[in-house]
Amino acid sequence: MPMQGANAGFIAEHRLWSREVFNSSSDWIGVFENANCRVEYWAPRERDAQVAHDQDEIYVVTQGTGAFRMQERIRAVHAGDLIFVPAGELHRFEAFSEGFSVWVVYLSERANASPLAAAAAPR
């Protein structure tokens, strides 16, 4: 499936993207991108070798269980959990089950500067 983009509305069905990534040699597939964000479907295979990213990230666990490490904090995660990671923060998934997968949303600086983001910022 090609990456979707532009300004059209878009619905990404978990079951379709899950099948696509698990039948692929890659552990991630680009799903959607516009000026505000990039969305990927990711299913780490043996280990998560991530580095800190320049953008804020949002993960939504779609299936499986694991542990999520951010700096030195570790939390159990399950299907349905949402995780926010600020730009520059070291993080990774550990001890994840077979079939573990997540949606990943990378927010652009433009998205981070939106009025909605500013309104949600702690005061």
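Just a few scattered comments:
- With contacts taken as Cα pairs under 8 Å and at least 6 residues apart, the range 58-109 reaches a relative contact order of 50 percent.
- Length added when fully stretched, E109-A67, from 0.36 nm per residue minus Cα-Cα: 12.3 nm
- FRET E, pair E46, I74, Förster distance 22 Å, beta-carbon r, rounded to 0.05: 0.70
- With a cut-off of 11 Å between beta carbons, the residues surrounding E40 carry a summed charge of -2, where Lys and Arg count +1 and Asp and Glu -1.
- Protection proxy ranking of 80-86, 46-52, 101-107, 63-69 - average other beta-carbon atoms within 10 Å, highest first: 101-107, 63-69, 80-86, 46-52
- Pairwise FRET efficiency - E94 versus H53, Cβ, R0 = 22 Å, nearest 0.05: 0.80
Just so you know, all these numbers are worked out from the coordinates, no wet-lab data involved. Predicted model only: the values in this text are computed from it and were never measured. Every residue, glycine among them, receives a Cβ derived from its backbone with ideal geometry; neighbour counts consider all protein chains shown.
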